[in-house]
Ligand code: NAD
C-alpha cells in the first residue's frame, strides 16, 4: 500500500504527466480502491494524441484509464455489498439510475452517464480512486486482477454478441482483429458459434486471432468490398449470418454488409468516420439488419462468470506490462500498435 496517490493525468493534448494528488475519500455508496491493474484502450491513446473523440473534448486536465481493477481499501457510508480487502473489477460507467434508459436496463444509453476517462470525467489510472460500490464486481479467488481489468473490453464483446444474437451453431464474421475483434472471437465461441472467420490487414493480428479460437483468418488485400465479400464466402463455404464489424474502417463496414447472408445482422462496433457511404439498398432489399452498439449494459456479471468458469481465457490478450511510473512508455507502446493489450500495474509493491 502507498501513502501517496501517484496519478496519470492528461494535462492537455499530447501531455501526460504523473503527479501526486490527494487520496480521494469515498462518499455515501462509494468505495475507495487501491488500484491494481489498468489496461490501455485505444480511446485513452486517442485523447492523448488528439485531445478529443467526436463531441467529447478534453478541455481540462483529466485522469486517464478505464479498464481497471482494484482492492477495496475503505467503505463509504451505507456500503454493505463489499468489504475492505475485496478484489474487484470496476465497471467504469456510472449512469443516473433514474432516466427511462436506466429503468429499462439500457443504462449505457443514459444521457447523464459518468464514464471514466471520457471528458470531463476522471479515469482511474492512479494508486487510489473512488467508485460507486454497485459498479464494482467482486472477483473470485481464481481470477487475477489483470483478468478483472480485462472484463471491460470483454464486456464489449458480450454486448456485441448479445445484440448480434450469436448462438449455438452461428456462422460469424468478425472484421478487425484488434483487442475488440479478439474479445468478440472469444465471446462468439463461448456463445456456441460453430464458425468464426476474422479479417484484418495485419497478419500478426490474424495469427493471434487464430490462436484465440478463430476458425478462419483472411488478410484484407483489396478495398473493393464486393471482392472481399466473395473471398469471405469462398473461405467460409457459406455467407455468415452475423457480422461484427470491429475495425471502423469504411471499406470494412461496406464489406460487412455485402458479406452478410440475406436476413442476417451486421453489428457495428468499430467507430470510424462520422459519416460514410454504405450499400444501404443492398442491405434493405436483403433484409440485413444494421445495429449499433455503445459499450455495454449488464454485461460485467456475464463476462466475469465466463472468465471465472474457464469458458473464456482473456490472459493471452496481454502482450505488454508496465508499472504506473512508466505510464508514458506504456502509452507509446500502444500508440505504435505493438502487441495487443498493454497493462499497467498501479499498486506500489
Ligand atoms: P484497434 O485499432 O486495435 O483494432 C482495429 C483493427 O482493425 C486493427 O487490427 C486494424 O489492423 C484492423 N483494420 C484496419 N482496417 C481494416 C480493414 N479494412 N479490414 C479489416 N480490418 C482492418 O482497435 P480496438 O481497440 O480493437 O477497437 C476497435 C474499434 O472498436 C475501434 O474503432 C474502437 O473505437 C471501437 N470501439 C467501440 C466500442 C463501442 O462501444 N462501440 C467500444 C470499444 C471500442
Global form of segment 86-185, assessed from the alpha-carbon gyration tensor, a/c cut-off 1.5: oblate
Angle in degrees between helix 225-236 and the longest Cα principal axis of the chain, rounded to the nearest 10: 90
Share of alpha-carbon pairs per 10 Å distance bin for segment 175-238, given as whole %: 24, 54, 22, 0
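Based solely on its DSSP helices, what 222 nm [θ] is calculated for the chain when runs of n ≥ 4 H residues each add -39,500 (n - 2.57) and the sum is averaged over all residues, nearest 500 deg cm²/dmol?
Mean residue ellipticity at 222 nm (helix-derived): -8500 deg cm²/dmol.
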Residue of 122, 101, 159 that the Gaussian network model of the chain assigns the largest fluctuation, springs spanning Cα pairs under 10 Å: 101
Label point at residue 13 placed 7 Å out along Cα→Cβ; residues across segment 254-295 whose backbone nitrogen lies under 15 Å: none
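Equivalent ellipsoid semi-axes for segment 163-299, as square roots of 5 times the alpha carbon gyration tensor eigenvalues: give them largest first, rounded to whole Å. Walk me through the numbers on the way to the answer.
On the way: eigenvalues 73, 57, 48 Å².
The answer is 19, 17, 15 Å, longest axis first.
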For the chain: relative contact order, % (alpha-carbon pairs under 8 angstrom, 6 or more apart): 18
Förster radius 45 Å - calculated FRET efficiency between residue 57 and residue 168, Cβ distance, rounded to 0.05: 0.55
Highest-MSF residue in the chain out of 277, 319, 187 [GNM, Cα springs under 10 Å]: 277
Whole-percent pair-distance distribution, where bins are 10 Å wide, for the alpha carbons of segment 1-87: 16, 39, 31, 14, 0
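Output needed for segment 283-349: three equivalent-ellipsoid semi-axes, defined as square roots of 5 times the C-alpha gyration tensor eigenvalues, in descending order, whole Å. Walk me through the intermediate numbers first.
Details: eigenvalues 212, 77, 28 Å².
Equivalent ellipsoid of segment 283-349: 33, 20, 12 Å, largest first.
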Highest-MSF residue in the chain out of 56, 331, 135 [GNM, Cα springs under 10 Å]: 56
Paramagnetic reach from residue 1 in segment 27-42 [backbone N under 11 Å; point 7 Å along Cα→Cβ]: 34
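Please give the FRET efficiency for residue 273 paired with residue 224, using the beta carbon to beta carbon distance and R0 = 25 Å, rounded to the nearest 0.05. Display every interim value, and only then the final one.
On the way: r = 19 Å, r/R0 = 0.74.
Rounded to the nearest 0.05, the efficiency is 0.85.
Given R₀ = 25 Å, FRET efficiency for residue 80-residue 104 by Cβ-Cβ distance, to 0.05?
Details: r = 26 Å, r/R0 = 1.06.
The formula returns an efficiency of 0.40 here.
Once you order the gyration tensor axes a ≥ b ≥ c over the Cα atoms, which shape class does segment 119-239 get: rounded for a/c under 1.5, otherwise prolate or oblate by comparing a/b with b/c?
Details: a/c = 2.48, a/b = 1.95, b/c = 1.27.
Verdict is prolate for segment 119-239.
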Cα-based equivalent ellipsoid of segment 1-41: semi-axis lengths in Å, sorted from largest, via gyration tensor: 22, 13, 12
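Which of rounded, prolate or oblate describes segment 248-314 when judged by the alpha-carbon gyration tensor and an a/c cut-off of 1.5? Intermediate results must be reported in sequence, preceding the final value.
Values: a/c = 2.74, a/b = 2.03, b/c = 1.35.
Prolate shape, in that a/c is at least 1.5 and a/b is the bigger ratio.
With N set to the residue count of the chain, report its C-alpha Rg divided by 2.2 N^0.38 Å to two decimal places. Please report the intermediate quantities before stating the final value.
Working: Rg = 20.1 Å, N = 349, 2.2 N^0.38 = 20.4 Å.
Normalised Cα radius of gyration, the chain: 0.99.
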The chain: angle of helix 250-259 to the longest principal axis, Cα-based, in degrees nearest 10: 50
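Each reported figure results from applying straightforward, stated rules to the coordinates on display, with no laboratory input. Bear in mind that the values here come from a model prediction, so they are computed numbers and not experimental data. So basically every Cβ, Gly included, is an ideal-geometry build from the backbone, and we count neighbours across all protein chains shown.
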